[in-house]
1. Taking the stretch B:388-403 only, how many residues are touching a residue at least 12 places away in the same chain (Cβ under 8 Å), in a helix (DSSP H, G or I) and open to solvent by 10 Å² or more (accessible area, probe 1.4 Å)?
2. If B:GLY269 satisfies every condition in (1) more than 14 Å from chain A (Cβ to nearest Cβ); (2) not in a loop (DSSP other than H, G, I, E, B) but one, which is the exception?
3. Go through (1) at the interface with another protein chain (Cβ under 9 Å from one of its Cβ atoms); (2) surrounded by 16 or more Cβ atoms within 10 Å (Cβ to Cβ); (3) aliphatic (A, V, I, L, M) one by one and return the number of the condition A:LEU194 breaks.
4. Looking at this structure, is A:GLY254 within 25 Å of A:VAL310 (Cα to Cα), open to solvent by less than 10 Å² (accessible area, probe 1.4 Å), away from chain B (no Cβ under 14 Å) and outside any helix (DSSP H, G or I)?
5. Got at least one residue in the stretch B:130-152 being polar (S, T, N, Q) and closer than 30 Å to B:GLU67 by Cα?
6. Can you report the number of residues in the stretch B:372-387 which are at the interface with another protein chain (Cβ under 7 Å from one of its Cβ atoms) and either surrounded by 16 or more Cβ atoms within 10 Å (Cβ to Cβ) or in contact (Cβ under 8 Å) with a residue 40 or more places away in the chain (or both)?
7. Can you tell me which of (1) assigned to a helix (DSSP H, G or I); (2) under 30 Å from A:GLY153 (Cβ atoms); (3) open to solvent by less than 30 Å² (accessible area, probe 1.4 Å) is the one A:ILE262 doesn't meet?
8. Select, from A:TYR247, A:TYR228, the only residue that is surrounded by 24 or more Cβ atoms within 10 Å (Cβ to Cβ), more than 25 Å from A:LEU28 (Cβ to Cβ) and either within 17 Å of the chain's Cα centre (by Cα) or of a type outside the set (S, T, N, Q) (or both).
Amino acid sequence: MAGKSGRSIKAEEKLTAKKLLFTWEGALILLFIAVNIFNMSISQSYTFANVLREMPKFLAEMFMVLPMAYILVLGDIDISVGSIVCLTGTLTCYISNAGAPFPVVILGCLGAGLLCGAFNGFVTTSFPELPSMITTLGSQIIFRGIAEIYLGGGGSVSYTNTKQIMPLSTKLGKTVPVIILVVILAAVIFTVILQRTTFGRSLYAIGSNKVSAFYAGVDVKRCRFIAYVLMGFMAGMCGLFLTAYTYGANTTTGQGFEMEVIAMCVFGGIASTGGKGTLVGGIIAGLIITLLRIALGQANVNSQMILVIVGALLIIAVLIPGIKGRIDEMRKLKAAA
Amino acid sequence: MSDSEYILELKDVTKIFPGVKALNKVRFQLKRGEVHALMGENGAGKSTFIKVITGVHAAEEGHMYLEGKEVHFRGPKDALDAGIAAVYQHPTTYPTLSVAENIFMGHEIIRGGMIQWKEMNAKAQELLDRLHANFKPSDEIGALSVAQQQMTEIAKALSTNAKIIILDEPTASLTSNESEELYKIVEQLRDEGVSIIFISHRFEDMYRLASRVTVFRDSQYIGTYDVDKITNADLIKAMVGREISDMYPKPEVNIGEEIFRIENMSRTGFFKDVSMNVRAGEIVGITGLVGAGRTEVMESVCGITKPDSGRVFLEGKQLNVKKPEDSMKAGIVLLPENRSTEGLILSWGLGRNVTLPIQKKLAKGGIFNDLKKENALSKKFLEEVDTKAVTIFDPASSLSGGNQQKVVVAKALAQDNMKLVIMDEPTKGVDVGAKAEIYAIMGELAKKGFGIIMISSEMPEILGMSDRVYVMCNGKVTGCLNRSEATQERILKLSMEQGKSDRKEAVQ
């Protein structure tokens, strides 16, 4: 074969501490430490035990950060997930109230989520010319509409057999809440799949250049469908655990969750244009926002103000890479001159 | 300095980008009313040079004289006002706007704050008439062909009363007929006194149009020559910096059994009743005008689009291809026409690009990516095709066109079950040096007994490399010529056999 020049191309990549620190994930870890110090300074009660106790009510959303990262990496977006949470939460209550045993309740909830995801996946992949923002806007309205049909005039439903769903909100060994363990397990699985498997690589390929990925034999349709199904399933998971902590559902359940989840991902460096970022970043970003909320809550900052602070933080986070890029450019120009 | 002889003169122009000197003390002299070719390999600095002339980039050093007077452009508008306009290979038009709107974009005729549509349309019509264009000022740009879009760009240049027009690879995406039209327009403009800088990789263009040629290499000025005094070989040497003894190293290969056959394949609106075959070790060229259905046939073979009817056989077995993955599994590898949009993921490293089609095969248990294996394999194939890169992690976007094409080739070679390779315009936009290397690789593949299909619009490469040539016209195969029978005239005749009126009937 060719190769006449005998030129050698390096295939080793050296990972130095400095390089790692200059990734977005590295910066997030620093920010994570900084936020914790800040939290401790504003709140006396910001202790490990307290955080562990308060965390569960925020954690349900973390379930959705994981598959949302997949969707964003694909270059898609799913804004129907808040409605799926509402629908699955509502169904969970109705199934249980109808006297079904607990395993059936769980299966019903997760199954409903999965079906919602499959619906999104089917519609989105069948009409590739439609942006997913539009298709999921449609299903957002449909899913919440179905939930509201069930909820009826009262607009809410309670989980009457509270004892039945209690196991999901208990603490193992009286310290570690079950939900934390489930979130960690899910986070590990989702991260490994995205960063280490051929499926994960295919998602990045599609998000970076859909046409090239298709020409290279990536089954674009199937990958996108699976991502939406996973999204629906995990939204069902979120609905299940949310019900376990609130013992009911109403018409506002899960409202705005989609934007919070997307915000966590974007904050974590997963660009909504696709092909960029890692789930590690998304998870750290999710934790940072969660911890900040807990501390601000402890310090009696009112909840509207917390939203303002979190929103401002997000905008700053999204701006930083652009500013960093400009500084790098200026440095290079100086070096060349 | 006589301001009569040179309309544009540049002296010792240096342009520095972060870390690289894109132009290093470059000289250039453009005579009044001449067509001056600017040649050089990709990355030689031609585009940067053009951007300096058109005021997009400001040079760090050097002087520019327009009609003898030194000028300093602070932006593209200054250059436009001074009468310099550029037409690019891919026209930067606004596809949903009309021809007239595109022509007058940025300098609309305005009176009392209102756009004077009637006047603009009339002026646009005047310009189009001058270019003998066959479309109207009210046509939507997006619906026109690339050639017509270029014509609009030229009209736009004329609308600003440009004295110097720069044409950047204008023929790269044109058919030979359309190129001929463009030649005529360029000659007409020249006769009207417009000075033209013509950038092209095609020697044909240069011989046909230019009186003088300036060559750049590695950001430096190499020389300016009279076109009728320089030989092809000398020019290549000036561009590449070394001699290329054999441009088309077509090896003598014992051609084996038939390995690939298409039978009566049709797709409504694109091609009809196409039958072809390829034997082991054979290089089969497919040519014809752009839009004759060449690419479309191969896309259907590879599962990118679905044909309406027809059968495909590989090594005697009928294939059932539904998606690209299926044809790849069978052993058919496609090198698509557009490297940047179909062949590569530009933001990815070279290594990842090479192993994307085979990542499942390399993965542990078919699921977990095996980075060590992937890196070693991509290194091996990238070195085999002699890619100019530092590491396999360099983003594909950082390479020149020719080297990107080599990465696409490496990506194909990495598919170890390959039996048939389909190369769609493998040397489009590739400079001479890399071209020769790609032909060499093609020859090696033929020697190893692969079947090779090469879709190409470039006559010299079709004649130089193919054992057999299929000619297509309006979605039909109009002829098949052996190497000994194939001549430029016969191919041209076959590729234009049917008049345009037959088109509808041909493909329905």
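The values are calculated or read from the model by the stated rules, or taken from the named source; none is laboratory data. As the structure is a computational prediction, the values presented were derived from the model and not from experiment. Neighbour counts run over all protein chains shown; Cβ positions are idealised from the backbone, glycine included. Areas reflect the complete protein model, heavy atoms only, side chains present, ligands, DNA and RNA absent. Shrake-Rupley method; radii C 1.70, N 1.55, O 1.52, S 1.80 Å.
1. 3
2. (2)
3. (1)
4. yes
5. Just the residues of the stretch B:130-152 that are polar (S, T, N, Q), to begin with: B:134, B:138, B:145, B:148-150, B:152.
Then drop every residue that is not closer than 30 Å to B:GLU67 by Cα, which leaves B:150, B:152.
Taking every residue of the stretch B:130-152 in turn, at least one turns out to be polar (S, T, N, Q) and closer than 30 Å to B:GLU67 by Cα.
6. Selection size over the stretch B:372-387: 8.
7. For A:ILE262, the exception is condition (2).
8. Values: A:TYR247 fails: surrounded by 24 or more Cβ atoms within 10 Å (Cβ to Cβ).
Exactly one residue qualifies, and that residue is A:TYR228.
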